[in-house]
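Below is one structure, written out as structure tokens; the observations come after it.
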Amino acid sequence: MSHTTYKQFLRFLHEELSLSHDSIAIAQRSMEQTRGPLPMLLWQYGLIDLNELDKIYDWLEKTSV
């Protein structure tokens, strides 16, 4: 994912899913340590539900085309 797309993704998480910057930062730190995908880490930490996880993957699919 390009830097610009990643910034748009973070904006999507904050604005569309109402995730706080702190919640996103927690998952990002974990992502750096575990190399896990950010959407799955957000879900594993209980920061998003399955419906929101679906929305994230829909957004990622739409932007990767």
Handout entry: Cβ-Cβ under 9 Å pairs, at least 6 apart or on other chains, region 2-13 side charged (D, E, K, R), far side open to solvent by 90 Å² or more (accessible area, probe 1.4 Å) and outside any helix (DSSP H, G or I)
Key = none
Practice task
Being open to solvent by 40 Å² or more (accessible area, probe 1.4 Å), among the aliphatic types (A, V, I, L, M) and in contact with an Asp or Glu (Cβ under 8 Å, 6 or more places away or on another chain) is the filter here, so list the residues in region 1-60 that pass it.
Solution key: none
Problem - Subset of region 17-56 [in a helix (DSSP H, G or I), under 16 Å from residue 7 (Cα atoms) and of a type in the set (Ser, Thr, Tyr)] - result: 23
Problem - Any chance residue 56 is out of contact with any Pro (no Cβ under 8 Å at 6 or more places or on another chain) and β-branched (Val, Ile, Thr) - result: no
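The values are calculated or read from the model by the stated rules, or taken from the named source; none is laboratory data. None of the values given here were measured: they were computed from a predicted structure. Note that we place each Cβ from the backbone using ideal geometry, even for glycine, and neighbour counts take in every protein chain shown. Please note that ligands, DNA and RNA were not included when accessible areas were found on the heavy atoms of the full protein model with its side chains. Shrake-Rupley method; radii C 1.70, N 1.55, O 1.52, S 1.80 Å.
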